[in-house]
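A.B. asks: Pasting a structure here, questions to come.
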Amino acid sequence: MHKQNSPIFLGLLLSICTVTAAAEKAEHFSRADLAAATTLRERAFADATAYQLVESLTTEVGPRAAGSPGDKAGVAWALREMQRLGFANVRAVEAIVPHWERGEAEFAVLAPFPQTMPTLALGGSIGTGSEGIDADAVIVRDLAALAALPAGAVKDKIVFFSNRMERTRDGAGYMKAVPVRASGPSAAAALGAVGVVIRSISTSDSRFPHTGTTRYTITAPRIPALAISNPDADALVRQFESGKPVRLRIRSSSRDLPQVRSANVVGEIPGTDRASEIVILGAHLDSWDPGVGALDDGAGVAIMMGVAKLIKELDVKPRRTIRVVLFANEEFGTSGSLAYLAANEAQVANHVLGFEADFGAGPVWRLASRVDPAQLPVVDQIFRALAPLKLVRGNNTALGGADLDALSKRGMPIIEPGLDGTTYFDVHHTANDTLAQVDPKALRQSVAAFAVSVWLGAQYSGSWERVTTDKPPRR
Ligand SMILES: [Zn+2]
């Protein structure tokens with residue numbers, strides 16, 4: 001018998017392992033904190049607060065585009081609801097936002113087979129003037145295909161970008177497809193195009209077009225840009241495939257109006273022995289205008305407020321301060337996030353951990369992070385506390401959401417309960433983003449996953465280290 005197989009040695013080894021595991025748990029979280037995490041998880045599945053919030057926001061406020069009356073109403077709603085839920089230090093902090101007005105848009109194929117199709121202007125697009133623009137069209141797949149065209153190929157033409165977004169669970173398909181929406185109009189304009197039509201950044205076969213921000217560069221003329229749905233883009237592709245010249249007509253009355261005062265709405269569950277350290281919970285209050293912003297981002301607002309409400313109801317108070325920030329204008333330039341950073345420049349380092357919910361109404365399927373690698377065992381232990389939810393353990397390269405991007409670039413660690421985005425881009429930025437898209441059960445599960453993660457993040461017995469590696473761009 002080999003010595004290392006002796007029962008005594010094995011017994012010793014086992015007891016060392018048990019002691020080590022126990023020490024590790026005791027090191028990161030107290031027994032009471034882990035018990036409270038279980039309580040939070042159980043209560044989240046029985047709590048209707050988040051659903052009631054997204055129902056109330058979408059019913060009583062509706063669309064909340066930056067600078068619109070709905071934006072203002074959203075701020076008032078958030079102040080009222082945070083106060084009703086008993087959050088501390090509830091306040092609106094000014095953020096100046098752009099005010100772009102959509103107006104109406106029209107899209108028609110004039111030749112070879114005339115028909116009109118539903119369309120939406122891309123956010124920020126200029127209008128066409130009341131006569132609209134009639135022009136011959138050129139089809140390209142994406143930005144690379146546009147750049148590969150011979151000189152003069154799109155001069156005085158309307159460019160149609162035909163690439164279809166891929167459906168993924170984690171949003172990777174969106175990240176790959178969205179540069180066409182952001183940069184396509186200016187890229188085409190730089191080559192002499194007079195207008196742009198894109199296939200919506202969408203995974204749906206419905207006829208709802210998807211809007212979303214386009215970003216004009218200062219080096220190219222501004223040209224109007226519209227989106228059409230996937231089935232209509234397919235039909236337009238077939239018109240091109242006929243081999244006959246395609247002529248399009250676009251018209252839009254979009255326009256820019258003067259900037260408007262909006263606000264980030266902030267509320268807290270104050271911490272105790274580490275109260276100066278902030279665990280920030282971000283979501284955005286604004287939405288695009290065609291729908292009522294139920295998934296984007298009413299659900300995120302509801303998840304974060306629901307989480308804070310459940311933590312507030314615990315018998316024990318959090319060690320670190322939990323700060324819910326409902327950001328103004330994420331959609332059209334992240335003005336709220338930038339204003340928050342400007343107002344908190346001296347306190348960046350106090351933001352010790354971030355969570356963001358801006359990817360629909362769940363369920364949560366994965367736990368990823370961007371923390372100092374030495375602290376991955378802490379995230380592992382949070383993952384173990386989430387075991388009943390049967391999540392996948394993600395990696396440590398989470399990008400997080402847009403509103404906390406600036407803080408995470410400055411070294412704030414993030415923990416990312418990943419919302420399942422498989423069907424998110426079926427309705428994202430469409431008129432169909434309504435309460436009917438929110439599954440109450442998935443929303444409760446999401447609140448449970450966030451509540452456990454946020455709570456343990458706030459209770460961690462050590463100090464959250466800053467992340468020092470360079471962060472890649474989100475898109
Ligand atoms: Zn969003």
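A.B. asks: Over 21 Å from Arg31 (Cβ atoms), part of a helix (DSSP H, G or I) and more than 16 Å from the ligand (Cβ to nearest atom): is that true of Val454 in this structure?
C.D. replies: No; evaluated as a whole, the condition is false for this residue.
A.B. asks: Pick out the one residue from Leu407, Leu391, Leu376, Leu419 that is in contact with a His (Cβ under 9 Å, 6 or more places away or on another chain) and aliphatic (A, V, I, L, M).
C.D. replies: Criteria check complete, one pass: Leu407.
A.B. asks: Consider only pairs whose beta carbons are under 6 Å apart and that are at least six residues apart or on different chains; among these, list those whose first residue lies in segment 20-48 and is open to solvent by 80 Å² or more (accessible area, probe 1.4 Å) and whose second residue is modelled with pLDDT of 95 or more.
C.D. replies: Going by the 6 Å Cβ cut-off, the qualifying pairs are Arg43/Leu310; Phe45/Arg444; Phe45/Ala448.
A.B. asks: Right, next: Would you confirm whether or not segment 360-381 contains a residue that is touching a residue at least 40 places away in the same chain (Cβ under 8 Å), under 20 Å from Arg274 (Cβ atoms) and within 16 Å of the ligand (Cβ to nearest atom)?
C.D. replies: Scanning segment 360-381, I find no residue that is touching a residue at least 40 places away in the same chain (Cβ under 8 Å), under 20 Å from Arg274 (Cβ atoms) and within 16 Å of the ligand (Cβ to nearest atom), so the answer is no.
A.B. asks: Residues in segment 172-191: is at least one hydrophobic (A, V, I, L, M, F, W, C), farther than 30 Å from Trp77 by Cβ and in a strand (DSSP E or B)?
C.D. replies: No: zero hits.
A.B. asks: Looking at this structure, is Val197 touching a helix residue (DSSP H, G or I) at 6+ places or on another chain (Cβ under 9 Å) and in a helix (DSSP H, G or I)?
C.D. replies: no
A.B. asks: What number of residues in segment 68-90 are open to solvent by 50 Å² or more (accessible area, probe 1.4 Å) and either hydroxyl-bearing (Ser, Thr, Tyr) or farther than 29 Å from Gly124 by Cα (or both)?
C.D. replies: 4
A.B. asks: Mind listing whichever residues of segment 155-171 are outside any strand (DSSP E or B) and either under 14 Å from Pro231 (Cα atoms) or touching a residue at least 60 places away in the same chain (Cβ under 8 Å) (or both)?
C.D. replies: If the condition is that a residue be outside any strand (DSSP E or B) and either under 14 Å from Pro231 (Cα atoms) or touching a residue at least 60 places away in the same chain (Cβ under 8 Å) (or both), then Ser162, Asn163, Arg164, Met165, Arg167, Thr168, Arg169, Asp170, Gly171 are the ones that fit.
A.B. asks: Output the residue which, of all residues in segment 255-295 that are more than 27 Å from Ser130 (Cα to Cα), hydrophobic (A, V, I, L, M, F, W, C) and assigned to a loop (DSSP other than H, G, I, E, B), is nearest to the ligand (Cβ to nearest atom).
C.D. replies: Leu285
A.B. asks: I would also like to ask the following. Of all the helices (runs of 4 or more DSSP H) wholly in segment 326-418, which have at least 2 residues that are closer than 30 Å to Ser125 by Cα and open to solvent by 10 Å² or more (accessible area, probe 1.4 Å)? Before you say what the answer is, go through the steps one by one.
C.D. replies: On the way: elements: 335-343, 376-385, 405-409.
Filter on segment 326-418 gives 335-343, 405-409.
A.B. asks: Let me ask another. Could you go through segment 204-225 and let me know if any residue there is in contact (Cβ under 8 Å) with a residue 24 or more places away in the chain, in a strand (DSSP E or B), away from the ligand (no atom under 16 Å from the Cβ) and of a type outside the set (Gly, Ala, Ser).
C.D. replies: No.
A.B. asks: Residues to consider are Ala302, Ala275; find the one that is open to solvent by 10 Å² or more (accessible area, probe 1.4 Å) and over 22 Å from Arg102 (Cβ atoms).
C.D. replies: Checking each option against the conditions leaves just Ala275.
A.B. asks: Further, regarding this structure: So is Asp420 under 30 Å from Phe208 (Cβ atoms), within 16 Å of the ligand (Cβ to nearest atom) and among the charged types (D, E, K, R) or not?
C.D. replies: It is true that Asp420 is under 30 Å from Phe208 (Cβ atoms), within 16 Å of the ligand (Cβ to nearest atom) and among the charged types (D, E, K, R).
Conditions (1) in contact with a Leu (Cβ under 9 Å, 6 or more places away or on another chain); (2) open to solvent by 20 Å² or more (accessible area, probe 1.4 Å); (3) closer than 17 Å to Arg222 by Cβ, marked per residue:
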position	(1), (2), (3)
Glu101	yes, yes, yes
Asp136	yes, yes, no
Val140	yes, no, no
Leu143	no, yes, no
Phe160	yes, no, no
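The values are calculated or read from the model by the stated rules, or taken from the named source; none is laboratory data. What you are looking at is a predicted structure, and each value in this text was computed from that prediction instead of being measured. Because the Cβ atoms are built from the backbone with ideal geometry, glycine has one as well, and the counts that use them run over all protein chains shown. In case anyone asks, the SASA skips ligands and DNA or RNA and just uses the protein heavy atoms, side chains included. Shrake-Rupley method; radii C 1.70, N 1.55, O 1.52, S 1.80 Å.
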